[in-house]
1. Anything in the range 110-148 that is hydrophobic (A, V, I, L, M, F, W, C) and not in a helix (DSSP H, G or I)? List them, or say none.
2. Is it true that A82 is free of Cβ contacts under 8 Å to residues at least 12 places away in the same chain and either surrounded by fewer than 13 Cβ atoms within 10 Å (Cβ to Cβ) or not aromatic (F, W, Y) (or both)?
3. Sort out which residues of the range 362-374 are open to solvent by less than 60 Å² (accessible area, probe 1.4 Å) and under 14 Å from C300 (Cα atoms), and write them in order of number.
4. Is one or more of the residues making up the range 232-246 at pLDDT below 85, among the basic types (K, R), assigned to a helix (DSSP H, G or I) and more than 22 Å from R362 (Cβ to Cβ)?
5. Out of everything in the range 163-175 that is within 12 Å of A90 (Cα to Cα) and charged (D, E, K, R), what residue ends up being surrounded by the fewest Cβ atoms within 10 Å (Cβ to Cβ)?
6. Mind listing whichever residues of the range 7-23 are open to solvent by less than 40 Å² (accessible area, probe 1.4 Å) and at pLDDT 85 or above?
7. Out of everything in the range 100-122 that is open to solvent by less than 40 Å² (accessible area, probe 1.4 Å) and farther than 17 Å from T141 by Cβ, what residue ends up being modelled with the lowest pLDDT?
8. G206 - would you say it is in contact with a Lys or Arg (Cβ under 9 Å, 6 or more places away or on another chain), over 18 Å from D2 (Cβ atoms), open to solvent by less than 60 Å² (accessible area, probe 1.4 Å) and not in a helix (DSSP H, G or I)?
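The values are calculated or read from the model by the stated rules, or taken from the named source; none is laboratory data. This one's a predicted model, so the numbers in the text were calculated from it and none came from an experiment. All Cβ positions, glycine included, derive from the backbone under ideal geometry; neighbour counts span all protein chains shown. With ligands, DNA and RNA removed, areas are computed over all heavy atoms of the protein, side chains included. Shrake-Rupley method; radii C 1.70, N 1.55, O 1.52, S 1.80 Å.
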Amino acid sequence: MDTILYGVCAIAGWFAFSYMLRLQRRQPSQVRGAICVALGAFATGITLAIPPLATSIDQASGLPNLAKFVSHGCAMTIAASAEHMLLHLALPPAKAAARSRRWVWVTGGALLTMAGLFAYTLSYDTPVQLTVEYARDSAVTAYLLIFMVVGFFAYCTDITRLCWRFARICGRPWLRRGLRITAVGAAVALLYSTNKIAYLIAYWSGYQPTGEREIAAVLVTISALLMMIGLTMPAWGPILTITRRWDDFRSYQRLEPLWRDLVDALPELELDASLRRRLGAVRDIDYALTRRAAEIRDGCLALRPYMDSRVTALAEQHAERAGLTGDERRATIEAAHLACALRAHQRGLVAALPLPPDGLHRPSDGYAGEIAWLTLVSSTYARSLVVAQTLATSRHLPVHGSALGDPSR
């Protein structure tokens, strides 16, 4: 049974690796690169774990357990790559890089120790297998414990924790679903490790329970398939929702007038210039839309020193004459503030009467509400006569502010 299950996992692994590698070549990114390494290591490791192939490699090389050792090294590479990806998703770059380096040292040390123990077993007159059936041998026990504790318990516990934590705050629905499925897969990997350690203790104690290989094969298959689905879901999941993708693309386009002016005034807001190409945005519209909305919010925050409370009164007067009410009125006033703030930023003049912190509307219905609100603001910013009138009449307001950074302030 383990031959069939490992074979199924190997086919799925090579397919997932090929798919993600193609995406990485088209749109390189650090996170996607880590996924490619993880999937490549998994496909290689699970292929080498297929019993007939592992036996053939050991016989051809004359080194018992060579295929198993390489397979175990691949398993630790998978965990390290997944950890690297999650750290860079959940933490600031500098902090993520520091924690990734620590994990690399831990993994490297564990692999070197395992390599030493593997080499030591080659000196035996009677060959042993690096399996729980040979747990009475101290070198085999040490090897398996290091592999289980570092390769599974330490990594999979942290992967499960990071996936659940980041999924709670993630705005991209398919990434959120993928992270949760990856967390479940990592939890099943913990069960695999627990099963191995339980059998290890049993054999060390003199018992000889059966069924360990079959249980391990089932747990590995479930864990591997769940983690492959979870890690690749952000790439292929949006394809399943064509209608929503079209709605997201329309929102992405409607945000462009406001986003373009903000990025032109504040170039540092733009973190991924590839999204300027429509085709690049369509391929990953969830990411493109989330990135654009975040950059608009960052731009609004950067313009706060230039937003003047007196603009509110002017915009309300023009909105009243135009008969605007409800959300349309609020969005028009906010768009007028942004238009006036952009002009003030260009002139280097901070607001004489700064807008209070609660002066701008904040939707309360999560990510979808945020996107709907920003698209409404962007549309009114680009087309509203009230915004144009407010921008024109605000020129006559007395200027009491000074240039930002002026030492006389």
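1. Listed by number, the residues that qualify are L122, V128, L130, A135.
2. On the way: free of Cβ contacts under 8 Å to residues at least 12 places away in the same chain: no; either surrounded by fewer than 13 Cβ atoms within 10 Å (Cβ to Cβ) or not aromatic (F, W, Y) (or both): yes.
It is false that A82 is free of Cβ contacts under 8 Å to residues at least 12 places away in the same chain and either surrounded by fewer than 13 Cβ atoms within 10 Å (Cβ to Cβ) or not aromatic (F, W, Y) (or both).
3. Result: E370, W373, L374.
4. yes
5. R168
6. Passing the criteria: G7, C9, A10, A12, G13, A16, M20.
7. Only one residue fits best here, namely S100.
8. On the way: in contact with a Lys or Arg (Cβ under 9 Å, 6 or more places away or on another chain): yes; over 18 Å from D2 (Cβ atoms): yes; open to solvent by less than 60 Å² (accessible area, probe 1.4 Å): yes; not in a helix (DSSP H, G or I): yes.
Here the answer is yes, as G206 does meet what is asked.
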